[in-house]
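A short worksheet on the structure shown next.
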Amino acid sequence: MLPNVLFDLISSIQNKSEAVSIYDTYAKDAQAQGCSDCANLWRQMKQRDEENIALLSRELERHVRQGELTKTVPGTGMR
């Protein structure tokens, strides 16, 4: 069993990665509709989520280096 903290980090990375993959499409749609403000908003969202993915990834890496994938989950006796 994966500790909640690791699951949460992985889940957040996945969710933000999925969002990042669609932001360019949203920006192009906005630009095609003549809304440069919306296009810029989507580009900013993409940049922020990419920065957050990097932060989350570094934290996940720190936990993995500390061996938390092999530790027993408290209260469960499970790894």
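Rule-based calculations on the coordinates, nothing more; no lab input. On a predicted model such as this, the values are computed, not experimentally measured, just so you know.
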*Mean separation of Cα contacts under 8 Å (6+ apart) over length of the chain, as relative contact order %*: 39 percent
*Expressed as cubic angstrom per residue, what is the convex hull volume of the alpha carbon set of the chain?*
76 Å³
*What are the ³J(HN,Hα) values, in whole Hz, obtained from phi via the Karplus relation 6.51 cos²θ - 1.76 cosθ + 1.60 with θ = phi - 60°, for each residue of region 49-56 in sequence order, with x given for Gly and Pro?*
5, 4, 5, 5, 4, 4, 4, 4
